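First comes the structure, then the notes that go with it.
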Amino acid sequence: MSIDPEIAALPFYPIPEGESYCEVTPLVNGILNIPEAHIITPASSPTASYDAPTFSFYIKHEPSGKTLFFDLGIRYDWATSFEEELAGFITPSPPIILGDVGAILKEGGANPEDVSTVIISHRHWDHTGNIAPFPKAEVVGGIDTFIADLGRQTAGRQTLVIDWSKVKSSKIAAFDHAYDYFGDGSVWLVDSAGHTAGHLSALVRTTPSPNATYVLLSGDTCHHPFLISPTTHHFRLATFPTRGSSDKPRQHPALPPPCCMHSDMPRAWDTVCRTRRMEAEDNIMVVLAHDNVYWREWKGAEGRLWPSKKGIQGWKKQGLKLERKYEPEKYDRQ
Ligand SMILES: [Zn+2]
């Protein structure tokens, strides 16, 4: 694999060594259909789209045994629990709901009440999920994460807001701000702003030092897995003029014109480049929240993954990391 020279030239700070690590198990509670032209430019066709998961990650911290989530997917009862305007925005192309994350976890024999932390990558409806099954969990998110439905759900709950102007942060790997959640280097919350101002990714150590390995859970840093390929390519984040049908064009008021998936495009691209730099490392595997490539590879007969799918902490030994390829021929719709 030849690395894009611009990506190879980005700063990369040392990652501290350490013994503690985490098991990381992906599970999926919803499926979205993503139009390619909304997320990558140039697109292969104006109508191409594919099904993508809403990944949640169940994380077990060793040696404490504490369990965490990174993202909670789509609230299973979104049609009745979201405000009318948001529900109306989602209704024209509704997600497929596979279950509530808490209930899915229980089916796999784990107790949601034991979950000590829920980290939410950002404020959007397809990530904030349903926190009710996790009554003891501290909910962690960036500066603009605790609004809308998550703001309502977390009223009276213990929360931790990662505000980079206030928390003690370090420069880690390709990121200028990282927060050491356990203080042992096993879970770093990193500043991956751009999609939203407070967007967080999580760099999780999956095997101990020496020669530690990591996964970078990247949320909605971008939506097309090929954008994080560290190889030289000409693809960029997409903008598009409107959403909705041609006879009834509509644009969500929260999105700036022209419509795009990111609130700050230059910052979003900067974060994509830093994430591409991470993907270039042999001991780091990046997984996006809607990573259809890994989902297609892992899901087998059970789209939800849990409990049939074992953790991905052994990804390096098992050869799970895939070279990112642009494969529009594998889309569900051309
Ligand atoms: Zn999303």
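The values are calculated or read from the model by the stated rules, or taken from the named source; none is laboratory data. Remember, predicted model here, so these are calculated numbers, not experimental data. Neighbour counts run over all protein chains shown; Cβ positions are idealised from the backbone, glycine included. These accessible areas exclude ligands, DNA and RNA; they are computed on the full protein's heavy atoms, side chains included. Shrake-Rupley method; radii C 1.70, N 1.55, O 1.52, S 1.80 Å.
Here are the numbers for this structure:
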item	result
Residue list for the stretch 100-129, filter: open to solvent by less than 30 Å² (accessible area, probe 1.4 Å) and either within 14 Å of the chain's Cα centre (by Cα) or within 16 Å of the ligand (Cβ to nearest atom) (or both)	Val101, Val118, Ile119, Ile120, Ser121, His122, Asp126, His127, Thr128, Gly129
Scope the stretch 149-163; condition open to solvent by 50 Å² or more (accessible area, probe 1.4 Å) and more than 19 Å from the chain's Cα centre (by Cα); matching residues	Arg152, Ala155, Gly156, Arg157, Gln158, Thr159
When residues of the stretch 87-99 are limited to those that are among the small types (Gly, Ala, Ser) and touching a residue at least 12 places away in the same chain (Cβ under 8 Å), the one surrounded by the most Cβ atoms within 10 Å (Cβ to Cβ)	Gly99
Pairs where the first residue, in the stretch 102-122, is farther than 29 Å from Asp191 by Cα and among the basic types (Lys, Arg) and the second is in a helix (DSSP H, G or I) and open to solvent by less than 10 Å² (accessible area, probe 1.4 Å), C-beta under 9 Å, 6+ apart	Lys106/Pro112
Residues within the stretch 196-210 that are within 16 Å of the ligand (Cβ to nearest atom) and either in contact with a Pro (Cβ under 6 Å, 6 or more places away or on another chain) or open to solvent by 10 Å² or more (accessible area, probe 1.4 Å) (or both), tallied	1
Residues within the stretch 131-148 that are open to solvent by 10 Å² or more (accessible area, probe 1.4 Å) and either more than 16 Å from the ligand (Cβ to nearest atom) or in contact with a strand residue (DSSP E or B) (Cβ under 6 Å, 6 or more places away or on another chain) (or both), tallied	7
Subset of the stretch 262-292 [outside any helix (DSSP H, G or I), under 16 Å from Ala8 (Cα atoms) and either within 13 Å of the ligand (Cβ to nearest atom) or open to solvent by 20 Å² or more (accessible area, probe 1.4 Å) (or both)]	Ala280, Glu281, Asp282, Asn283
Residue in the stretch 211-219 that is part of a loop (DSSP other than H, G, I, E, B), within 13 Å of the ligand (Cβ to nearest atom) and either farther than 22 Å from Ile34 by Cβ or modelled with pLDDT of 95 or more (or both) present	yes
